[in-house]
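Trainee: Please read through the structure below; I'll follow up with questions.
The values are calculated or read from the model by the stated rules, or taken from the named source; none is laboratory data. Nothing here was measured: the structure is a model prediction, and the numbers come from that model. In this analysis, Cβ positions are derived from the backbone assuming ideal geometry, glycine residues included, and neighbour counts consider all displayed protein chains. All accessible areas refer to the heavy atoms of the entire protein, side chains included, with ligands and DNA or RNA removed. Shrake-Rupley method; radii C 1.70, N 1.55, O 1.52, S 1.80 Å.
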Amino acid sequence: MSVGDAPPVPDVFAPRRYAVGVPYDDYRLLRDHHPVAWQEEPEVLGWPAGPGFWAVTRHADVVRVLKDGATYSSYIGATQIRDPDPADLPFIRRMMLNQDPPQHGRLRRLVSRAFTPGRIERFAAVARERAGTLLAGALQKAREGDGTVDLVAAVTDEYALLNLADLLGVPESDQGLLLHWTQRVIGYQDPDEAGTPALDEAGKPVNPRSPAMLRDMFDYARRLAAFKRRCPADDVMTTLALPRFSASLEPGGTPTAELPSAELEMFFFLLTIAGNDTVRSAAPGGLLALAEHPEAYDALRTGRVELPLAIDELLRWHPPVLTFRRTAAQDTELAGRRIRAGDKVVVFHASANRDERVFAEPGRLDLTRSPNPHVSFGDGPHVCLGAHFARLQLRLLHEEVLRALPELRLAAPPARLVSNFINGIKSLRFDVSRPVRRPG
């Protein structure tokens with residue numbers, strides 16, 4: 001097929017498309033015929049139109065963009081498809097996620113000190129018990145009722161939220177705030193999650209990442225840090241709040257008094273949103289994949305497949321994050337397309353994970369797939385800092401599900417998040433009403 005005969009470029013921007021399902025057929029068309037394709041950015045859901053962007057869908061090109069921070073910047077326009085208000089951009093750039101090397105590396109080293117092996121090991125026992133307790137309670141309630149249970153509402157949302165609260169050291173009385181903030185920031189495209197959006201003087205929605213919309217979260221982060229200085233504990237906020245040797249100092253430097261308030265607030269924002277929603281999206285996505293592939297679930301239950309290997313395939317199959325944006329720092333070329341400095345370049349993780357050029361039979365769920373170079377946690381300098389922590393939570397949860405449920409029977413189609421950013425599942429209802437009779 002000649003270039004002139006190539007099929008037209010499909011729209012993979014519209015958030016409402018993703019409430020129906022991830023458009024994998026359109027992703028394949030883009031990979032085969034338009035691997036770097038221009039996408040219009042019309043006004044949707046009350047959010048203003050944008051200038052458009054380049055959609056990058058092949059695995060090799062996605063990895064190239066993610067690894068080359070000098071050409072494809074996280075700092076220039078931040079990392080969301082929608083352009084922030086110019087007045088908010090200096091504020092948004094303070095977040096580690098929206099910085100380029102070397103500044104990004106300095107902040108990353110600071111927060112990575114909080115994820116100590118000992119802390120993660122102690123956390124694992126609590127997380128396993130929590131998964132088992134949540135599942136047992138949900139199943140008992142379901143069997144006393146109509147025999148169905150929404151594992152998102154009853155288990156996975158709570159599991160992700162309580163794990164994050166433990167890690168951060170958020171008191172039990174405040175834990176609901178974490179979910180509220182996550183829904184407001186992540187689910188802003190979905191009326192069910194975001195509710196009625198705040199409007200500016202012109203009647204347009206206010207960016208949920210703007211200083212005005214984050215003031216309550218940042219006020220709380222400062223109060224929590226002050227509490228941790230008075231009452232230190234074995235948690236991430238204590239590590240970030242107490243005096244420590246700055247990772248930016250040379251060996252032998254003097255300790256800083258404490259992490260600057262602005263950086264601490266941004267770390268709290270990043271850990272609250274990314275730390276919660278990664279597992280909150282991936283956990284039900286993995287359970288849905290196993291429900292749709294009963295032979296794979298049976299292979300796990302009978303020990304024919306090792307769960308750590310399977311977790312990465314479930315992440316490939318259902319990446320928690322669909323897209324991330326970069327901005328071209330200079331004129332460049334990608335997959336034969338000329339990209340101008342200032343153009344938005346958006347990588348599609350879910351498409352890269354189904355690229356036939358990298359994965360054999362990518363449309364088949366293969367829990368033994370190895371190697372499995374999925375990009376569900378990104379790549380390059382911004383690869384997910386909490387990837388190990390997320391894998392651990394997913395493994396512990398799936399172990400408890402395998403013990404509790406002989407099979408996964410869907411009672412209703414899943415309800416998906418309206419979002420072109422997060423691959424979210426809002427509801428996943430299972431039928432647990434009757435025991436399963438197994439041969440022998």
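Trainee: Residue check: is E407 open to solvent by 20 Å² or more (accessible area, probe 1.4 Å) and in a strand (DSSP E or B)?
Mentor: Numbers: open to solvent by 20 Å² or more (accessible area, probe 1.4 Å): yes; in a strand (DSSP E or B): no.
No; evaluated as a whole, the condition is false for this residue.
Trainee: I'm trying to understand the selection: among the residues of the stretch 5-26, which are β-branched (V, I, T) and open to solvent by 40 Å² or more (accessible area, probe 1.4 Å)?
Mentor: The first filter runs over the stretch 5-26 and keeps only residues β-branched (V, I, T), leaving 9, 12, 20, 22.
Correct list: V9, V20.
Trainee: Residues of the stretch 355-390 being modelled with pLDDT under 95 and either open to solvent by 40 Å² or more (accessible area, probe 1.4 Å) or within 23 Å of E158 (Cβ to Cβ) (or both), which ones?
Mentor: Hits for the stretch 355-390 are P381, V383, C384, L385, G386, A387, H388, F389, A390.
Trainee: Give the residues of the stretch 311-363 that are part of a strand (DSSP E or B) and among the small types (G, A, S), sorted by residue number. Before you say what the answer is, go through the steps one by one.
Mentor: Let us first name the residues in the stretch 311-363 that are part of a strand (DSSP E or B), namely 321, 323-328, 332-334, 337-339, 344-348.
The answer is A328, and nothing else.
Trainee: Which of (1) under 19 Å from T323 (Cα atoms); (2) touching an Asp or Glu at 6+ places or on another chain (Cβ under 7 Å) does D366 not meet, given it meets every other one?
Mentor: (1)
Trainee: In the stretch 47-63, which residues are of a type in the set (A, V, I, L, M) and either at pLDDT below 90 or part of a loop (DSSP other than H, G, I, E, B) (or both)? Quick ask: steps written out before the conclusion?
Mentor: Residues of the stretch 47-63 of a type in the set (A, V, I, L, M): 49, 55-56, 60, 62-63.
If the condition is that a residue be of a type in the set (A, V, I, L, M) and either at pLDDT below 90 or part of a loop (DSSP other than H, G, I, E, B) (or both), then A49 is the only one that fits.
Trainee: Scan the stretch 308-318 for residues that are open to solvent by less than 10 Å² (accessible area, probe 1.4 Å) and among the aromatic types (F, W, Y) and jot them down.
Mentor: Selection gives nothing.
Trainee: Now for a separate question. What's the number of the condition Q80 fails, among (1) at pLDDT 90 or above; (2) open to solvent by 10 Å² or more (accessible area, probe 1.4 Å); (3) under 28 Å from D235 (Cβ atoms)?
Mentor: The single condition Q80 does not satisfy is (3).
Trainee: Residue by residue through the stretch 83-115, note down the ones that are free of Cβ contacts under 8 Å to residues at least 40 places away in the same chain and surrounded by fewer than 15 Cβ atoms within 10 Å (Cβ to Cβ).
Mentor: Selection gives P86, A87, P90, P102, Q103.
Trainee: Return the only residue of F245, F227, F267 being out of contact with any Phe, Trp or Tyr (no Cβ under 7 Å at 6 or more places or on another chain) and either β-branched (V, I, T) or at pLDDT below 85 (or both).
Mentor: On the way: F227 fails: either β-branched (V, I, T) or at pLDDT below 85 (or both); F267 fails: either β-branched (V, I, T) or at pLDDT below 85 (or both).
Only one candidate passes the filter, namely F245.
Trainee: Let me ask something else. Which residues, taken from the stretch 143-159, are over 29 Å from the mean Cα position of the chain (by Cα) and either among the β-branched types (V, I, T) or open to solvent by less than 30 Å² (accessible area, probe 1.4 Å) (or both)?
Mentor: At the first step, the residues of the stretch 143-159 found to be over 29 Å from the mean Cα position of the chain (by Cα) are 143-147.
G147 - this is the single residue of the stretch 143-159 that is over 29 Å from the mean Cα position of the chain (by Cα) and either among the β-branched types (V, I, T) or open to solvent by less than 30 Å² (accessible area, probe 1.4 Å) (or both).
Trainee: For the stretch 27-44, check the following and say yes or no: at least one residue is more than 23 Å from T332 (Cα to Cα), open to solvent by 40 Å² or more (accessible area, probe 1.4 Å) and not in a loop (DSSP other than H, G, I, E, B).
Mentor: Yes - at least one qualifying residue is present in the stretch 27-44.
Trainee: Exactly one condition in (1) within 30 Å of P260 (Cα to Cα); (2) open to solvent by 30 Å² or more (accessible area, probe 1.4 Å); (3) in contact (Cβ under 8 Å) with a residue 24 or more places away in the chain; (4) part of a helix (DSSP H, G or I) is not met by L66; state its number.
Mentor: Result: L66 passes all but (2).
Trainee: Name the pairs: first residue in the stretch 124-136 and open to solvent by 70 Å² or more (accessible area, probe 1.4 Å), second residue of a type outside the set (A, V, I, L, M), Cβ to Cβ under 8 Å, at least 6 apart or on different chains?
Mentor: R128/E399; R128/E400
Trainee: Y75 passes all but one of (1) within 28 Å of L168 (Cβ to Cβ); (2) open to solvent by less than 70 Å² (accessible area, probe 1.4 Å); (3) not in a helix (DSSP H, G or I); which number fails?
Mentor: Looking at each condition in turn, Y75 falls short on (2).
Trainee: Restricting to the stretch 379-412, give me the number of residues that are over 22 Å from the mean Cα position of the chain (by Cα) and not small (G, A, S). Quick ask: steps written out before the conclusion?
Mentor: At the first step, the residues of the stretch 379-412 found to be over 22 Å from the mean Cα position of the chain (by Cα) are 400, 402-412.
Checking which are not small (G, A, S) leaves us with 400, 402-403, 405-410.
So the count comes out to 9.
Trainee: Checking the condition closer than 30 Å to A165 by Cα, of a type in the set (A, V, I, L, M, F, W, C) and surrounded by 23 or more Cβ atoms within 10 Å (Cβ to Cβ), which residue from A352, A283 passes? Talk me through it step by step, then tell me what you get.
Mentor: Details: A352 fails: closer than 30 Å to A165 by Cα.
So the residue among A352, A283 that is closer than 30 Å to A165 by Cα, of a type in the set (A, V, I, L, M, F, W, C) and surrounded by 23 or more Cβ atoms within 10 Å (Cβ to Cβ) is A283.
Trainee: Could you go through the stretch 319-338 and let me know if any residue there is more than 17 Å from the chain's Cα centre (by Cα), open to solvent by less than 10 Å² (accessible area, probe 1.4 Å), within 19 Å of T57 (Cα to Cα) and not small (G, A, S).
Mentor: Within the stretch 319-338, one or more residues are more than 17 Å from the chain's Cα centre (by Cα), open to solvent by less than 10 Å² (accessible area, probe 1.4 Å), within 19 Å of T57 (Cα to Cα) and not small (G, A, S).
Trainee: Is it true that Y18 is part of a loop (DSSP other than H, G, I, E, B), of a type outside the set (D, E), in contact with a strand residue (DSSP E or B) (Cβ under 9 Å, 6 or more places away or on another chain) and farther than 12 Å from V346 by Cα?
Mentor: Details: part of a loop (DSSP other than H, G, I, E, B): no; of a type outside the set (D, E): yes; in contact with a strand residue (DSSP E or B) (Cβ under 9 Å, 6 or more places away or on another chain): yes; farther than 12 Å from V346 by Cα: yes.
Here the answer is no, as Y18 does not meet what is asked.
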